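Structure incoming, see below.
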Amino acid sequence: MELVPAELIARARGGDGEAFRALTEPHRRELQVHCYRMLGSLQDAEDALQDTLLAAWQGLGGFEGRASIRTWLYRVATNRCLDALRSASRRPAKEWDIPGVDPPAPTRLGEVVWLEPFPDTLLEDAMGVPLGPEARYEQTESISLAFVTALQVLPPRQLAVLVLRDVLGFHGNEVADMLDSTVESVTSALKRARANLQRRESPSDEREPAPAPGSPSEQALVAEFVRAYELADVDAVVALLTDDVFMSMPPMSLEYEGRDVVARFCAGILRPGRRFDLVPTRANGQPAFGAYLRAPTGIRHGTGLFVLTLTGDRICAMSRFENSVFPWFGLPHSLPSR
């Protein structure tokens, strides 16, 4: 068990802000990732993290030392996220607003229009933390867009139990204590959560694994995509996609499934007269790009962020987000002419 010097806790209880920061700062980043998994939004996760730290500061007198300070902070954060999930009126879907581009009819409408990407730069201090013995998911898998999206459709209590047990690996009795529940209730919620996730999976989910981040195979595939997209070579872009490729674009509810309909969508975006430059970054452990549309003046305007999901040597999903997320990735809203 993690040991926290008693004098440090005593000083924090006495109002010493530096002592409180010394207690909480080592866990800040992983708590932010935890809130993101539960809420699906970096903006909401940051709000929940601030609420967590305030509640922990005000409630430190209730910390009895039966668990580690880390476990206690997860208790506080989880309950703040549950409060947010139960009270939130999620942001509504946004209408299509790209002038001159008429998108094809969507395959379906999105359930999780509030989803936001998570910058890899914020993951660096959170992914090396040791997981508990009950963890069932690799850390990279548990932050992927597909997994975070699937979590968002679970009822709040099932979501909390699955993340705490299967992602973070806390024991059933620890989770029961965090949620003021019983081990039997936690076990039942976990069983239902796993069944709900499994129902959302399809045979196509049994794909080849993605190439390792930064590996030559990932770099080669990403370079092909960038080259094809910047040349507006729709055929070359489509050749890189799997037959069942999936495209989404939160907060727009339009979703496309299958190479043919995604090809029609790409043909509209990359029609004659529209050329882009892609600036690389990473989100949710996956390759990502800021897309900049070249204007006649030469200035390039940021239009959105693409995140690619890879399988083997193909792209099986593309997620497009608004340019409002650019600051999180250190991307400017426009680039000067070349």
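The numbers here are math on the coordinates, done by the rules we state, and not lab data. Quick caveat, the model's predicted, so the values are computed rather than measured. Cβ atoms come from the backbone with ideal geometry, glycine included; neighbour counts cover every protein chain shown.
Output needed: percent of Cα pairs per 5 Å distance bin for the stretch 164-230, bins running from 0 to the one holding the longest distance.
3, 13, 14, 12, 11, 10, 11, 10, 7, 6, 2, 0
To continue, here is another question. In percent, what relative contact order does the chain have, based on Cα pairs under 8 Å that are 6 or more apart in sequence? Walk me through the numbers on the way to the answer.
Working: 521 pairs, mean separation 55.9, N = 338.
Answer for the chain is 17 percent.
Tell me the relative contact order for the stretch 1-87 as a rounded percent, counting alpha carbon contacts under 8 Å between residues six or more apart.
Contact order relative to length: 34 percent.
Could you tell me what a quarter of the Cα convex hull surface of the chain works out to, in nm² with one decimal place?
18.4
Distances longer than 21 Å among the Cα atoms of the stretch 43-131: what percent of all pairs is that?
The share of Cα pairs beyond 21 Å in the stretch 43-131 comes to 54 percent.
For the stretch 1-87, state the semi-axes of the equivalent ellipsoid (square roots of 5 times the eigenvalues of the alpha-carbon gyration tensor), sorted largest first and rounded to whole angstrom.
Output for the stretch 1-87: semi-axes of 23, 12, 12 Å.
For the stretch 296-338 and the stretch 149-205, write down the distance between their C-alpha centroids in whole Å.
The stretch 296-338 and the stretch 149-205 have Cα centres separated by 33 Å.
Would you kindly compute the Cα radius of gyration of the stretch 216-335 and its largest Cα-Cα separation (Dmax), both in Å?
For the stretch 216-335, the Cα radius of gyration and maximum Cα-Cα distance read 13.5, 40 Å.
Among the complete DSSP H segments of the chain, which ones combine at least 24 Å of alpha-carbon extent along their axis with a mean Kyte-Doolittle hydropathy of -1.0 or more?
Membrane-span-like by this rule: 17-39, 42-59, 69-87, 183-200.
Using mean Cβ contacts within 10 Å as the protection proxy, how do 290-297, 186-193 order, highest first?
186-193, 290-297
Which GluC sites (Glu not before Pro) does the stretch 119-185 hold that lie in a coil by DSSP with at most 10 other beta carbons within 10 Å?
124
Next up: Using only the Cα atoms of the stretch 112-265, what semi-axes does the equivalent ellipsoid have when each is the square root of 5 times a gyration tensor eigenvalue? Give whole Å, largest first.
Gyration-tensor ellipsoid for the stretch 112-265: 35, 19, 13 Å.
Share of antiparallel DSSP beta bridges in the chain, in percent to the nearest 5? Could you put the intermediate results ahead of the total?
Values: 32 of 37 bridges.
Antiparallel: roughly 85 percent of the beta bridges in the chain.
Rg and Dmax of the stretch 1-150, Cα atoms, in Å?
Expressed in Å, the Cα Rg and Dmax of the stretch 1-150 come to 18.7, 65.
Binning at 5 Å from 0, report for the stretch 200-276 what percent of all alpha-carbon pair distances ends up in each bin.
Result, from short to long distances: 3, 14, 19, 22, 23, 14, 5, 1 percent.
Got a sec? Charge dipole of the chain, +1 on Cβ for Lys and Arg, -1 for Asp and Glu; which of 149, 135, 10 is way out at the positive end?
With unit charges placed on the Cβ atoms, the residue in question is 149.
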